[in-house]
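Comments concern the structure below.
The values are calculated or read from the model by the stated rules, or taken from the named source; none is laboratory data. Because the structure is predicted, anything quoted here is derived from the model rather than measured. As a convention, Cβ positions derive from the backbone with ideal geometry for all residues, glycine included, and neighbour counts pool all protein chains shown.
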Amino acid sequence: MTADTLTRREHRSAARAAKTRVHWVVLVAVLVVLAAALVVHGYVTAADPRSGTAAEDTATDQVPAEVTDGGPVIDPRDGGVRTAAPAQRTVALTFDDGPDPRWTPEILRVLREHDATATFFAVGSAVADNPGLAREVVAGGNEIGVHTFTHLDLGAVPAWQQNLELVATQRAIAAATGVSATLFRPPYSSTNTAVTNDTWAAIDAAGADGYLSVLSTLDSKDWTAPGADAIVDASTPTGAAGSVILMHDGGGDRSQSVAALDQLLTQLDDRGYRVTSVGEAIGVEATNPSASWWDRVAGWATIAVVRTSDLVVTALTWALLFSGIVVLLRAVLVMGAAIRHVRRVRTPGPMLIPITEPVSVIVPAYNESAGIAAAVRSIAASDHPVEIIVVDDGSTDGTADIVERLGLPRVRVIRQQNQGKPAALNTGIRAAQHELIVMVDGDTVFEPDTVRLLVQPFADPKVGAVSGNTKVANRGGLLGRWQHIEYVVGFNLDRRLFDVAECMPTVPGAIGGFRRAALEGVGGVSSDTLAEDTDLTMALCRDGWRVVYEETARAWTEAPQSLDALWKQRYRWCYGTLQAMYKHRHAVRQRGAAGKLGRRGLGYLLVLQVLMPLLAPVVDVFALYGLIFLDPARIIALWAAFLLVQLLMAWFAFALDRESPRPLWSLPLQQFVYRQLMYLVVIQSVFTALAGTRLRWHRMERYGSLQQVG
């Protein structure tokens, strides 16, 4: 081998490694973006709905007397404190918490009808949601001011958050209206005498940023919905002094505010009051100067982020709903199908002649020295006549020698150069002497009646293949228990469903029976995919053969005992299944048995084994979002309901398989650890398939635990 050849191989290996790393970068990037969007949405909505309360601060010892005894417009700029009030018989009308798509247009309509203007202190998140309404406010000759981004009590948060609230709102206003805002109203504020130390701190900090703060002299208390007449009474000046009236155009049902406004403006007009905005009422010009291009650009970016976060949360909500529906439907579907399957098995049907003819058992083996002796001995001990063909596919650990030293009758060993499992199986098929063929992995142990029970469904001439019941032999430790649960609950329940629906996609390599004519009809075992058992089963279905599940035919197999070994095994399975699904995708358009496989079997695999695992990380991220920003009790209740469904389905599956339910105590832990590992396997498999990377064969490590079973 030359140095150039080694260099080329190293380059190809590095390229494959780079491709397989890219999808993890993409996954992390997607999750980071999702998390960022959720944090933005959580921040905006958690403090917003404008129905919260202010911090309980009552101290006033730090509030300047100029504020307590002064006018409602406060200017703390330049280190001093000045206040102002509207002129005599002048009312500055103000509205908080909008813009609201339902009530702001109504407020604007009433103002136009009375030829009046007002100042709207806008919540930044509402501006981001309704930029057109903010433009309409300004276009109508009204002022717009800052009311924070999330209606947060600024006196109760650190300086960085105060600045964030003001800057984000300013930029949203700039993007929506093209102007800047110089007026600010602290949330939860009312009159000057109600200013606390915390409120004053927020006003003073806003002044340092160039804002005039606007309080009120008359609080309509329309947010308490006391009725239109009560709102009018609270908002009506009692003398000739100028007033600043506080009302709301957002934050809830403002129908009473709209009705009261019409009455109030009529009365004020009759009494000769001038109704206008804050700036005009106190003689301050240019309260809404033109915004800089940077503020506009930054504002549109802010709006885009908020809107994107809304879309993300909406999409995640639908994804969560979809996942929940699928989980419930699957539970109902598989449990209903399992009951029907049990009834069909236990209900006597047409008397079929028992299968007594000899069976050829093919054992493909590559470096199976740890368990091959136990496997062959168990098959040789069958209570059904068998010939055993062990195809040694280029083993380097003496696998073939071990079998030959057993000296068992009716056992043949065929040695060949390493060509892969499909080639070994095809070699065994050609050498088999009987019509019925059983294929079994070299790490699998049969019970004495396994072969006999497995081949009985072949009494029906329409049956081309039979799947047996695979059991995990090494169930010790959490990983072993979790795989045991997966085999019983996932694989075997699904096989009952596939049997009833006549769309079995996989006869497992650990235990499968086949009719020779069926195998020859599809050209034997294909090497097109890494899941040769799934590929073969789908080919048989498309060729018109029935594939059934025989739950009483049990085979014991070794499961991976480390996360690395489990990852490699499931990665190969999942990738091979994706290959087989793509290869047989045209079955969706076919009729008969092929159509059942395509529309039922492939559809089920696509939703449950591809889409759901791809959605799983998103659902988990959203669950964390719910625990932090939504109602944790509700999220925990939903999770508990999901877990209860899983437990009920698991208990049912264990009862059907006559298994002890004791391992089910580990099911909650499985949902937190094992499930995440499985969906990461699917994600890697999907990205690998989309990247066009050719995955090499991963052989599982053997542990020799089957010696005890055998």
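Miscellaneous remarks
- Just one of the numbered conditions (1) part of a helix (DSSP H, G or I); (2) outside the structural domain of GLY242 (by TED's automatic domain parsing); (3) buried (at least 23 other Cβ atoms within 10 Å of the Cβ) is not true of ASP78: (3).
- Of the listed requirements (1) β-branched (Val, Ile, Thr); (2) more than 25 Å from GLN256 (Cα to Cα); (3) modelled with pLDDT of 95 or more; (4) within 37 Å of the chain's Cα centre (by Cα), VAL167 misses just one: (3).
- Single residue of THR302, THR287 found to be in a loop (DSSP other than H, G, I, E, B) and crowded, with 18+ Cβ neighbours inside 10 Å: THR287
- Flag for ALA259 being closer than 28 Å to PRO76 by Cβ and out of contact with any strand residue (DSSP E or B) (no Cβ under 8 Å at 6 or more places or on another chain): no
- Residues in segment 104-141 that are under 9 Å from ASP249 (Cα atoms) and either in contact with a Ser or Thr (Cβ under 7 Å, 6 or more places away or on another chain) or aliphatic (A, V, I, L, M) (or both): ILE107 only.
- With respect to being closer than 29 Å to LEU264 by Cα, modelled with pLDDT of 90 or more and charged (D, E, K, R), ASP204 falls outside the description.
Results for (1) more than 51 Å from the chain's Cα centre (by Cα); (2) on the phi > 0 side of the Ramachandran plot; (3) not assigned by TED's automatic domain parsing to the domain that holds PRO226, shown as yes or no for each residue.
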| position | (1), (2), (3) |
| --- | --- |
| GLY251 | no, yes, no |
| SER255 | no, no, no |
| VAL258 | no, no, no |
| ASP262 | no, no, no |
| THR266 | yes, no, no |
| ARG271 | yes, no, no |
| GLU280 | yes, no, no |
| GLY283 | yes, yes, no |
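- Only one entry in ASP61, ASP100 is outside any helix (DSSP H, G or I), touching a residue at least 60 places away in the same chain (Cβ under 8 Å) and assigned by TED's automatic domain parsing to the domain that holds VAL232, namely ASP100.
- LEU479 farther than 27 Å from PHE654 by Cα and not in a strand (DSSP E or B): no
- Where strands (runs of 3 or more DSSP E) sit wholly within segment 381-462, those with at least 2 residues that are not aliphatic (A, V, I, L, M) occupy 386-393, 411-416, 444-446.
- Pick from segment 252-276, criterion touching a Ser or Thr at 6+ places or on another chain (Cβ under 9 Å), at pLDDT 95 or above and small (Gly, Ala, Ser), ranking: nearest to PRO101 (Cα to Cα): SER257
- Tallying residues that are in contact with a Phe, Trp or Tyr (Cβ under 7 Å, 6 or more places away or on another chain) and buried (at least 20 other Cβ atoms within 10 Å of the Cβ) within segment 305-322 yields 1.
- Matching residues in segment 238-282 - criterion: being over 28 Å from ARG171 (Cβ atoms), among the small types (Gly, Ala, Ser) and in a loop (DSSP other than H, G, I, E, B): GLY239, ALA240, ALA241, GLY242, GLY272
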